[in-house]
Amino acid sequence: MVSDPSLSREYNNFPLLDFLPCAPSGPVPEFVYNFLKGHRTPDDNGRAVLAPYALRKLESALLAKNRREDVVVAHEHFASSFIKDDTEIIGVYTMDPLGLGPLTMSYSILFGDQSKAWVRIEFERLLKKLDQARKGKKAKIVVGGPGVWELTVMPEMMDELGIDLAFQGEADDIINEVLEDISSNAIYDKGYFQGYQSFDEGFHKQWVKHDRFITRMRNSKQFPTLDDIPLIQGPTVKALSEVMRGCGIGCDFCEVTLRPIRYYTPEMVKHEVEVNAKFGRNSAWLHSDEIFAYQHGPHFVPNRDAIMDLFRATMSVKGIEYTNPTHGRISIPAGFPDLVKDISSVVRAGPERWIGVQVGLETGSDRLALEHMPNKTLPLKIGPDGSWQQIVAEGVKGMNLAYWRPAFTVQVGQMDETPDDNWETVAMVNRLSNMDVGDSPSEFTVTPMQNVPLGLIKSRTFTAELLDESQLAVYYACYRHLAKMIKRDAVRDSKGNLAKRTAMSMTLNLGGWGLLHFIEGMCKKRGLDLEKVKRYGLD
Ligand code: SF4
């Protein structure tokens with residue numbers, strides 16, 4: 001098994017740099033990309049020392065039924081050397097193989113699709129190497145992971161890259177059977193759905209037949225239970241450990257909410273954190289799609305005891321000095337700021353150690369928030385507890401006072417979106433950007449994500465002309481704030497010795513400045529009133 005190389009690096013552990021591979025290769029030349037993504041050396045045998053969490057899960061599942069020497073998680077540069085005459089399967093894990101994810105698309109549209117995104121370049125390079133190395137051998141190339149949907153949009157790329165099959169769905173409990181069935185050509189007789197699951201423009205699930213895809217069958221067990229999920233045995237990239245799957249909040253654009261909810265126990269989490277700590281990691285990154293929903297109560301009231309137990313268990317692991325969650329919703333720090341402060345005291349957050357967490361705000365518009373994500377504010381409610389923007393502002397205060405710095409995302413091109421909704425998003429970004437929390441300016445980043453209809457993706461005609469004035473204004477407001485944050489925080493947040501920190505902060509400042517000026521130029525060309533964008537919502 002091997003991972004798409006964009007998922008196997010730690011990007012110098014600089015906040016938001018994990019998004020770097022979404023950038024197009026034209027404006028981000030290879031030497032800059034390589035410097036920012038960081039190095040990763042393999043072990044003496046060419047195996048990955050750190051691997052993406054999902055690969056570690058599959059490795060554990062395979063080890064339950066196979067010998068250690070027959071299961072390899074390879075470093076991407078050495079994967080070819082593991083392909084022998086008797087190799088049956090080469091498994092590739094990927095998240096955004098063709099660069100069709102929302103952030104990658106936002107850059108493709110901004111810059112026009114004249115240069116491929118780094119995610120796509122990395123994936124294609126890897127697949128071409130693997131395909132070359134297996135020539136004349138029986139090994140089959142099988143791709144899995146959350147990025148498989150992109151191959152369903154461009155299945156012709158499977159031939160070009162030598163991919164035999166793509167597997168869709170969680171596979172922790174059935175990976176041994178799936179791989180055996182593929183290698184013995186019995187996969188089509190074993191009750192899997194021969195095709196893929198997709199969503200139409202109204203986000204209704206569809207089943208599409210296709211002989212190059214395999215999906216867990218709709219009428220049989222579609223997901224592993226908690227008991228079926230093995231614990232990792234090797235260290236993970238970014239010391240990531242999962243704490244739950246599924247979410248349940250029910251936003252109408254989100255596939256995660258359709259999965260059953262499975263909560264890991266604190267003991268399970270502790271065990272996985274120990275695996276990373278034994279490898280020498282001093283931090284743990286707790287993954288969920290919504291940490292505040294962990295074991296939640298009625299109306300999504302956070303379960304303080306369960307959440308605190310989870311963080312305490314993590315911090316009790318010998319060698320762990322700090323911990324942060326990957327994702328959380330903003331209404332909890334707004335309505336329960338003491339909970340966030342209590343977590344901070346357990347995980348030792350402070351002025352020198354901020355907690356980074358991704359938060360999906362999606363919009364500044366009450367109307368769109370109520371239409372697409374009415375539960376995301378629970379247990380608060382838009383109306384009785386203020387507008388969505390007021391809840392967000394309270395949430396930023398609650399987070400910043402506890403030394404949490406949210407990395408927000410907002411969507412552009414949502415279903416039923418109007419220009420007024422986008423201007424509300426501009427107003428929200430400006431208000432938050434100019435807000436003080438205590439004696440300090442607010443701390444957050446905000447990144448626009450582009451929703452592109454499938455028809456347009458297939459036509460591959462990406463250009464900023466697709467954005468109307470209000471959408472362009474959202475981009476400008478977000479990247480204007482980002483440039484401000486980089487200028488303020490890049491030196492502080494860079495890691496390594498003085499020379500490396502200086503080089504990192506200079507590169508990032510230049511990148512932030514360049515991106516802002518590029519968008520500014522585009523806005524001027526389109527006649528967008530930049531002063532209006534800068535002031536919108538503030539007067
Ligand atoms: S809260 Fe986040 S993970 Fe949960 S349904 Fe909404 S968007 Fe999806």
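The values are calculated or read from the model by the stated rules, or taken from the named source; none is laboratory data. For clarity, every value in this text was computed on a predicted model and none was experimentally measured. Cβ coordinates were reconstructed from backbone atoms using ideal geometry, including for glycine residues, and neighbour counts include every protein chain displayed. Surface areas here come from the heavy atoms of the whole protein model, side chains and all, with no ligands, DNA or RNA. Shrake-Rupley method; radii C 1.70, N 1.55, O 1.52, S 1.80 Å.
What longest region of the chain stays clear of GluC sites (Glu not before Pro) that DSSP places outside H, G, I, E and B and that have at most 10 other Cβ atoms within 10 Å?
Longest gap between qualifying sites, sites excluded: 1-200.
Can you pull the one-decimal nm distance between simple spin-label points at GLU30 and GLU201, each 7 Å off the Cα toward Cβ?
Distance between the two pseudo-spin positions: 4.1 nm.
Hey, for a label at SER183 modelled as a point 7 Å past Cα toward Cβ, could you say which residues of segment 1-41 have their backbone N under 17 Å away?
1-2
Describe numerically, in nm with one decimal, the distance between label points set 7 Å from Cα along Cα→Cβ at THR507 and at ASN13.
1.7
With a 4.7 Å Cβ cut-off, tell me which Cys residues in the chain come up empty for a partner.
When partners are defined as cysteine Cβ atoms under 4.7 Å apart, the chain leaves CYS22, CYS247, CYS478, CYS523 without one.
Helix-only mean residue ellipticity at 222 nm, the chain, DSSP H runs n ≥ 4 weighted -39,500 (n - 2.57), per residue, nearest 500. What is it?
-12000 deg cm²/dmol
So, R0 is 30 Å and r is the distance between the beta-carbons of ARG492 and VAL208; what FRET efficiency does that work out to, to 0.05? Before the final figure, lay out the partial values.
Values: r = 49 Å, r/R0 = 1.62.
For ARG492 and VAL208, the calculated efficiency is 0.05.
Taking a probe of 1.4 angstrom, what is the accessible area of ASP289 in Å², to the nearest 10?
That residue has around 60 Å² of solvent-accessible surface.
Take the Cβ-Cβ distance between ASP338 and ASP159 as r, set R0 to 45 Å, and report the resulting FRET efficiency rounded to the nearest 0.05. All intermediate terms of the calculation are to be shown ahead of the outcome.
Numbers: r = 57 Å, r/R0 = 1.26.
E(calc), rounded to 0.05, equals 0.20.
LYS525: net charge of surrounding residues, Cβ under 14 Å, Lys/Arg +1, Asp/Glu -1, itself excluded?
Taking every Cβ under 14 Å from that of LYS525, the sum is -2.
Measure nothing but the geometry: give the 0 to 90° angle between the long axis through the Cα atoms of 337-347 and the longest principal axis through the Cα atoms of the chain, rounded to 10°.
50
Greater than 31 Å separation of Cα atoms is the criterion. Which listed pairs, LYS397/LYS532; LYS37/LYS487; LYS116/LYS381; LYS487/LYS525; LYS138/LYS190; LYS84/LYS190, meet it?
LYS116/LYS381, as the Cα separations exceed 31 Å there.
For segment 355-539, what does the alpha-carbon gyration tensor say about shape, rounded, prolate or oblate, given a ≥ b ≥ c as the root eigenvalues, a/c under 1.5 as rounded, and a/b over b/c as prolate?
oblate
5 Å is the cut-off here: which amide hydrogens, built 1.01 Å from N in the peptide plane, fall below it relative to VAL28, excluding neighbours closer than 5 in sequence?
Answer set, sorted by chain and number: none.
Just the accessible area for TRP207, please: 1.4 Å probe, Å², rounded to the nearest 10?
60
Compute the long axis of helix 118-133 from its Cα atoms, compare it with the longest principal axis of the Cα atoms of the chain, and write down the angle in degrees, 0 to 90, nearest 10.
Orientation of helix 118-133: about 10 degrees from the principal axis.
Find how much the distance from ALA306 to ALA64 grows on full extension, using 0.36 nm per residue of separation minus their present alpha carbon separation; answer in nm with one decimal.
Answer, rounded to one decimal: 84.1 nm.
About the Cα centre, and with charges only on the beta carbon of Lys, Arg (+1) and Asp, Glu (-1), how big is the dipole of the chain? Nearest 20 debye, please.
On the way: 63 positive and 71 negative charges, 270 e Å.
In total the dipole reaches around 1300 debye.
In nm, what is the difference between 0.36 nm times the number of residues separating ARG348 and ARG535 and their Cα-Cα distance?
In short, 63.6 nm is gained.
With every protein chain present, what accessible area does LEU516 have (1.4 Å probe, heavy atoms only), rounded to the nearest 10 Å²?
Spelled out: LEU516, probe radius 1.4 Å, area about 20 Å².
For the chain, take the longest principal axis of its alpha carbons; what is the angle in degrees between that and the long axis of helix 53-63, to the nearest 10 within 0 to 90?
Helix 53-63 sits at roughly 20 degrees to that axis.
When only alpha-carbon atoms are used, what values of Rg and Dmax, in angstrom, describe segment 1-134?
Rg and Dmax of segment 1-134, Cα atoms, are 15.7, 49 Å.
How long is the gain from GLU267 to GLN390 if the chain were fully straight, where each residue apart is worth 0.36 nm and the alpha carbon distance is subtracted?
40.5 nm
With no solvent and one point per C-alpha, what does the Debye sum give as log10 I(q)/I(0) for the chain at q = 0.07, 0.09, 0.13 Å⁻¹?
One equal scatterer on each Cα of the chain leads to -0.39, -0.66, -1.53.
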